[in-house]
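Encoded as structure tokens, the structure appears first; notes follow it.
The values are calculated or read from the model by the stated rules, or taken from the named source; none is laboratory data. The shown structure was predicted, so the numbers you read here are calculated from the model rather than taken from an experiment. Counting neighbours? That spans all protein chains shown, and the Cβs are built from the backbone with ideal geometry, glycine included.
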Amino acid sequence: MTARRKPHDLRASAHPKYHRTAGYFNPDRRAQRQTLRIVNQGYGDVGGSTTKRSLKGFDALSGSAPRDIDDNNQTIRQRARMLYMGSPIATSAIRVNRTNVIGTGLVPKCAIDADFLGMTKDEAIAWQQAAEREFALWANNKRACDETGVNNFYAMQQLALTSWLLSGDVFALINHVKRTSIMPYGLRLHLIEADRVATPMEALRSVYPSYTTAELQNGNICYDGVEIDKRGSIVAYHIRNSYPQEFTGKPSKWVRVKAYGEKTGLPNILHVMDAERPEQYRGVSYLAHVIEPLAQIKRYSDSELVAAVIESFFTAFITTTGDATEMPWDQLIPPGEEPEEPEDENEYEMGPGQINMLKPGESVTFGDPKRPTSGFEGFLHAISLEIGAALEVPADLLLKSFNSSYSASRAALMEAWKAFRMRRTWFVDDFCQPIWELWLTEAVALGRLRAPGFFADPAIRAAYLGCNWVGPSQGQLDPTKEISAEVVAIEQGLTTREAAAIRYNGSSWDTNIERLAYENERLAAMRPVSESITDMAADTASREAQSSYQEGDELNA
């Protein structure tokens, strides 16, 4: 029972002389009558209105980034993974990003600042080729770069991107092992899934009303496994030895990993994520915004599929007036095709050629579902348009159905590639480039690459660390038109041959011209031989023709 509000409990805003716009008591009753007409102002009359009928039930509560994201991340991750495993559209959304952002792998193209380092063009090219060759020695060997020994560096990129999109973030633990005679580099990477980075259980017994945030003994705050200091800077990560859903019989333990080494300043762990709010320390799944429509469209698709399968069945129901067990059912069912006996006497099976015996007085009635639904395809495409808009993937690309015109398909592909390039840049900044810097630092320290001043001057070090990461290209819908446009752009100085080669097929222009020079030399060397072979073939054909002509003359004679 709700108590009535007493007159003295009324707010000042309910007073007849209260000025709703200015917020003070107005003794002028005439002005009061005029101002009472103004109830809302600005956003208060639209999105912020609490009086409009369409917005009265729209109670939106939002808190800090840790409250809104971290406390819900565990549920979001499980749902996103389940949709990835069971919903074709969700699977396509993740894989289309993996294929276009990473493809077979982002390959480093060394780009040092030769002018600052005082190198000639030839010296810079030689140094860059040596660096790329050394990196391939480490990156192409799965036992050299992956601590688990499962993937090489380029396959780890695919795995890291997929885990980042599904879970919201992914971590790469930096380790160093003993070097061997066949592998001179000790750098190893260990990918850690998002679930294992969490706030220690014993620290959660604090005053924070959260399952993920706690104050540590050193005074720092831990947001779902990410420890920050009083300035808000990340100082460490807490990694548990098991998953939250696993019960191994052993107690869960956490290891605190400092974000950066104290002596070198190099990262001890890499955190791949993209933030959508300030002071956000954990990522949110790429599918988080579309989980509900994806789940609903999966239910709808499953229902339509089951309905279509059931309609394809030919099932007979026989109503008896006597004892059904005494009837010769073995004469109706071919040998070896006896249906499985149901566990419940009230359970009946449906299937191709299925025969069910009903009890006396029982009958079967089917509804009329009007299957198949004629609007299913249109509804699926309409929902896919909304999902694709939220994920920045056009529906045509999401469904792999390209039925639009050339202009529409090209526009959709260009929009998608804006998102792919942005996501590739984020991934390079968080994963690829830091690993290149870690590897190059070890290569220079071991003397396998000579880089004077690398450890003495940060500016020189930065000049040596320059690197571009080349991945899959956008592709062409009409290669003739698009290549012609690239040629014109090169002639007008609007782009370079190197940039055009990367856009066309992700290749290196330097490598292309070196290979073309070799092929042209081979063609020039083989041309005399080919010409002599051609001349010999022509002479033989001429002699055969003359011989045939002579034989024809003899026959005519």
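Descriptive notes on the structure:
- Within the range 154-173, no residue satisfies the criterion of being farther than 26 Å from Ser92 by Cβ and out of contact with any strand residue (DSSP E or B) (no Cβ under 6 Å at 6 or more places or on another chain).
A quick yes/no check of all residues on (1) in contact with a helix residue (DSSP H, G or I) (Cβ under 9 Å, 6 or more places away or on another chain); (2) surrounded by 14 or more Cβ atoms within 10 Å (Cβ to Cβ); (3) farther than 21 Å from Gln129 by Cβ; (4) not hydroxyl-bearing (Ser, Thr, Tyr):
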{"site": "Arg423", "(1), (2), (3), (4)": "yes, yes, yes, yes"}
{"site": "Arg448", "(1), (2), (3), (4)": "yes, yes, no, yes"}
{"site": "Phe455", "(1), (2), (3), (4)": "yes, no, yes, yes"}
{"site": "Cys467", "(1), (2), (3), (4)": "yes, yes, no, yes"}
{"site": "Glu486", "(1), (2), (3), (4)": "yes, yes, yes, yes"}
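- All positions within the range 487-500 that are farther than 19 Å from Gly471 by Cα and acidic (Asp, Glu): Glu491
- Scanning the range 440-461 for residues that are under 23 Å from Leu137 (Cα atoms) and assigned to a helix (DSSP H, G or I) returns Leu440, Thr441, Glu442, Ala443, Val444, Ala445, Arg461.
- Test for Tyr237: is it among the hydroxyl-bearing types (Ser, Thr, Tyr), surrounded by 17 or more Cβ atoms within 10 Å (Cβ to Cβ) and not in a loop (DSSP other than H, G, I, E, B): yes
- A single entry from Asp146, Asp70, Asp59 fulfils the requirement of being closer than 25 Å to Val290 by Cα, among the charged types (D, E, K, R) and surrounded by 19 or more Cβ atoms within 10 Å (Cβ to Cβ): Asp70.
- In the range 373-398, residue modelled with the lowest pLDDT [restricted to those that are out of contact with any Asp or Glu (no Cβ under 7 Å at 6 or more places or on another chain) and within 17 Å of Ala307 (Cβ to Cβ)]: Ser374
- With a requirement of 3 or more residues that are without any contact (Cβ under 8 Å) to a residue 24 or more places away in the chain and farther than 26 Å from Arg503 by Cβ, the helices (runs of 4 or more DSSP H) lying completely within the range 64-150 that satisfy it span 71-86, 121-139.
- Pairs where the first residue, in the range 257-286, is free of Cβ contacts under 8 Å to residues at least 40 places away in the same chain and surrounded by fewer than 17 Cβ atoms within 10 Å (Cβ to Cβ) and the second is of a type outside the set (Ser, Thr, Tyr) and not in a loop (DSSP other than H, G, I, E, B), C-beta under 6 Å, 6+ apart: Lys258/Ala236; Tyr260/Pro267
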